[in-house]
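No lab work stands behind these numbers, since they all come straight from the coordinates. Here the structure is a predicted model, which means the values were calculated and not measured. Quick reminder, even Gly has a Cβ in these numbers, built from the backbone with ideal geometry, and neighbours come from all protein chains shown.
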2 protein chains.
Amino acid sequence: MENISANKSFGGWHKQYTHRADTLSCEMRFAIYLPPQVATGTKVPVVYWLSGLTCTDENFMQKAGAQRVAAELGVAIVAPDTSPRGDEVPDDPDASYDFGLGAGFYVNATQPPWNRHYRMYDYVVHELPTLIEANFPVSPQRAICGHSMGGHGALMIALRNPTRYSSVSAFSPISHPMNCPWGQKAFTGYLGDDQSQWAQYDSCELMKQTSEPVPALVDQGDQDPFLNEQLNPEALQHAAKQSQYPLELRMQTGYDHSYYFIASFIEDHLRFHAGHFQAN
Amino acid sequence: MENISANKSFGGWHKQYTHRADTLSCEMRFAIYLPPQVATGTKVPVVYWLSGLTCTDENFMQKAGAQRVAAELGVAIVAPDTSPRGDEVPDDPDASYDFGLGAGFYVNATQPPWNRHYRMYDYVVHELPTLIEANFPVSPQRAICGHSMGGHGALMIALRNPTRYSSVSAFSPISHPMNCPWGQKAFTGYLGDDQSQWAQYDSCELMKQTSEPVPALVDQGDQDPFLNEQLNPEALQHAAKQSQYPLELRMQTGYDHSYYFIASFIEDHLRFHAGHFQAN
């Protein structure tokens, strides 16, 4: 693991690291925000942030304004990249923004040529937390949060791993990927045509069946240009009703899909996660 | 004037506009943040933000996290671009980052070929505020603030126009451009070799002579890689002592030149400006 940048931020530190990711068979970069409390030896809980299509570890750290609140609450934030990277990693031959590089969809691909590198599910759920917890002054308490494709990733990962996360939240998540163009394209490419394989990565399908819920907060702007075709929060609400899932879905009037939206409400999300950390 | 984007942000609006700038003989883009108070008919004061080398109107609006505080305080923020733009505008033949496009240094150039378009001083001091005050629900109260090259611009402009601004602040300003490589290159190119022409754009020279001070706050990171060669806050401190200028210069331990530094202290700057608005 190599430290490649460090910026003091609200009394703590934003740092970027590269490391060899065994699950992804490539070198990966991630960012971590360490709040000022770690300087006094406190082990802090970690909020994992999963970004949306086209992003790297940088978008959230530069644009969300999360460090101020993380510094106050004493939580670390870890932001991985959104796909495997590097010359050896195949990309969509069409170089589209919604498949291949920058669009890993947080699944373990089963279809060649993607199945060697595109294993973001295992990377985010297992390899990265193991690395973080071995190398930084953090506690084993984790929450997970994300935007759009990363909102799908956060919800799906928390639903599948309820003992690993104390809470989950999302901005504008792709709530029902089996039933929208972005999700259908990605799942067909990474997982093949058998839709029974898709359901294990679909938050609505998972939420209908869960018996061990993780508290969930979702914010969705009602002026989001992707709302109707891609995001489908009504399906998530419907699934939550079926299983009496503790989902708080907030429609935010006038807000769009951008980081201006995320920045406006990230404080609520971090306080939500901090509240559940304290309860553990 | 054409509105080209709008994003709801902390209950207010971030918007970008393009317009024909007469002083610069080209089309320019700027960004404005309008806080929620304008929806109830309140006219709000304006903080002008001047960015550093290579920036556009977008860097500050995306990375500084200023909207939360501006929304609370009820102030607008206006961020212009850092140089004239467009195919007809000459650039440094070497395409360097510190002269030409993205590096207007907030002066009125006198030397060809720069003197036709590179008139950022007149644009920022006169044309842009006139446009803003004619088209948006703002009061005539103004403050000015900036980073690096924009910190130079903010201090220099406030020192030359003490009746137009109620306060000024800067992050990591190029405090004494006549005496550092960035400033000498820019002033030679835009203003020629006669250093008497440079002094009217040098904050240290202006501060030594001023009789009508504008309250000033400056933050400087002590781990800024440009601190010793380019920024020279000691010269500004020295000039302030000579004229008993109301300068508060704060050295911030561990901080660098990045937006992570700006984001950490922008709240202090906006509250400083709001306090001086209220006093007027």
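Note down the magnitude of the dipole of the range A:58-180 about its Cα centre, charges +1 on Lys and Arg C-beta and -1 on Asp and Glu C-beta and zero elsewhere, to the nearest 20 debye. Before the final figure, lay out each step's value.
Working: 8 positive and 12 negative charges, 103 e Å.
Taking the Cα centre of the range A:58-180 as origin, the dipole is about 500 debye.
As an exercise, use a Förster radius of 56 Å and the Cβ-Cβ distance of residue B:133 and residue A:178 to find the FRET efficiency, rounded to the nearest 0.05.
0.60
Be a star and scan the range B:151-171 for residues whose amide nitrogen sits under 20 Å from the point 7 Å along the Cα-to-Cβ vector of residue B:209.
Counting only backbone N, you get B:152-165.
For the range B:227-280, what class follows from the C-alpha gyration tensor (a ≥ b ≥ c being the square roots of its eigenvalues): rounded when a/c is under 1.5, otherwise prolate if a/b is larger than b/c, else oblate?
oblate
Under the Karplus relation 6.51 cos²θ - 1.76 cosθ + 1.60, θ = phi - 60°, what is the ordered set of whole-Hz ³J(HN,Hα) values for the range A:67-75, x standing for Gly and Pro?
For the range A:67-75, the Karplus-derived couplings read 5, 4, 6, 4, 5, 5, 7, x, 10 Hz, x marking Gly and Pro.
By how many nm would the segment from residue B:164 to residue B:234 lengthen if fully extended, with 0.36 nm per residue of separation less the alpha-carbon distance?
22.5 nm
Defining the label point at 7 Å along Cα→Cβ, can you sort the distances from residue B:6 to the same site in each other copy, shortest first, in nm?
4.6
For peptide B:5-17, what's the mean number of Cβ atoms from other chains within 10 Å of each residue's Cβ? It would help to have the intermediate numbers written out before the result.
Details: counts 3, 4, 12, 11, 9, 5, 4, 2, 2, 3, 0, 0, 0.
Shielding by partners across B:5-17 averages 4.
If R0 is 30 Å, what FRET efficiency do you get for residue A:6 and residue B:251 from their C-beta distance, rounded to 0.05?
About 0.95, to the nearest 0.05.
So what is the relative contact order for the range B:210-252, in percent, with contacts set as C-alpha pairs under 8 Å and at least six apart?
With pairs under 8 Å counted, the relative contact order is 62 percent.
Once the Cα gyration tensor of the range A:69-116 is diagonalised, what are the square roots of 5 times its eigenvalues, in whole Å and ordered largest first, as equivalent ellipsoid semi-axes?
Here the semi-axes work out to 30, 12, 9 Å.
Using the membrane-span-like helix rule (whole DSSP H runs, Cα extent along the own axis of at least 18 Å, mean Kyte-Doolittle hydropathy at least -0.5), which helices of chain A qualify?
Going by DSSP H runs, the hits are A:259-279.
Within 10 Å of each residue's Cβ, count the other Cβ atoms and sort B:77, A:4 from fewest upward.
Ascending number of Cβ neighbours within 10 Å: A:4, B:77.
What is the Cα centroid distance between the range A:131-194 and the range B:78-96, reported in whole angstrom?
42 Å
Quick one: which residues, 5+ away or cross-chain, put their amide H under 5 Å from the amide H of residue B:107? H built at 1.01 Å from N.
Here B:120, B:121 satisfy the definition.
Provide the net charge surrounding residue B:59, with neighbours chosen by a C-beta distance below 12 Å and charges set as Lys +1, Arg +1, Asp -1, Glu -1.
Result for the local shell: -1.
At 10 °C and 1.306 mPa s, grab the translational diffusion coefficient of the protein assembly as shown from Stokes-Einstein with a Kirkwood Rh over Cα pairs, rounded to a whole number in µm² per second.
Numbers: Rh = 24.9 Å.
Answer, rounded: 64 µm²/s.
Considering amide H positions built from the backbone, and no H for Pro or chain starts, which residues 5 or more places from residue B:53, or on another chain, come under 5 Å of its amide H?
Counting only residues 5 or more places away or on other chains, the set is B:149, B:150.
Amide H to amide H under 5 Å from residue B:9: which residues, 5+ apart in sequence or cross-chain, H placed 1.01 Å off N in plane?
Those qualifying (amide H under 5 Å, at least 5 residues apart or on another chain) are B:14.
Compute the separation of the alpha-carbon centres of the range A:230-272 and the range B:18-48 and state it in Å as a whole number.
One Cα centre to the other: 31 Å.
Just want to confirm a number: the relative contact order over chain B, from Cα pairs under 8 angstrom separated by 6+ residues, in percent.
Reported relative contact order: 17 percent.
What average count of beta carbons from other chains do you get within 10 Å of the Cβ of residues in B:253-265?
Other-chain Cβ atoms within 10 Å of each residue's Cβ, averaged: 5.
Since chains B and A are linked by a rotation, which residue in B has the beta carbon closest to its axis, and how far is it in Å?
Result for the axis mapping B onto A: B:65, 2.
Estimate the FRET efficiency between residue B:115 and residue A:95 by the formula 1/(1 + (r/R0)^6), using the beta-carbon distance for r and 35 Å for R0, to the nearest 0.05.
It comes to 0.20.
Direction-averaged shadow area of the convex hull around the Cα atoms of the range A:36-179, nm²?
The Cα convex hull of the range A:36-179, projected and averaged over all directions, gives 9.2 nm².
Set Lys and Arg Cβ to +1 and Asp and Glu Cβ to -1, take the dipole of chain B about its Cα centre, and tell me which of B:111, B:130, B:51 lies farthest positive.
B:130
With each run of n ≥ 4 DSSP H residues scored as -39500 (n - 2.57), what mean residue ellipticity at 222 nm is computed for chain A after dividing by its residue count and rounding to the nearest 500 deg cm²/dmol?
-9000 deg cm²/dmol
Taking the label point as lying 7 angstrom from Cα along the Cα-to-Cβ axis, what are the distances from residue B:27 to the corresponding position in the remaining copies, in ascending order and in nanometres?
In nanometres, ordered from closest: 4.2.
If I take every Cα pair under 8 Å that is 6 or more residues apart in the range A:35-123, average their sequence separation and divide by the length, what percent do I get for the relative contact order? Mind dumping the intermediate values first?
On the way: 135 pairs, mean separation 24.4, N = 89.
RCO, the range A:35-123: 27 percent.
Using DSSP to call loops (not H, G, I, E or B), can you name the GluC sites (Glu not before Pro) in the range A:71-173 whose Cβ has at most 15 other Cβ atoms within 10 angstrom?
Counting only loop positions with at most 15 other Cβ atoms within 10 Å, the GluC sites (Glu not before Pro) in the range A:71-173 are A:88.
Can you list the HN-Hα couplings for the range B:106-117, worked out from phi with the Karplus curve (6.51, -1.76, 1.60; θ = phi - 60°), rounded to whole Hz and with x for Gly and Pro?
Those phi angles translate into 6, 10, 9, 5, 10, 9, x, x, 7, 6, 6, 9 Hz.
Restricting to lysine pairs 8 or more places apart or on different chains, what number in chain A have Cα atoms under 20 Å apart?
Summing the qualifying lysine pairs gives 5.
Can you list, shortest first and in nm, the gaps between the label point of residue B:195 and those of its counterparts in the other copies, using a point 7 Å from Cα in the C-beta direction?
7.8
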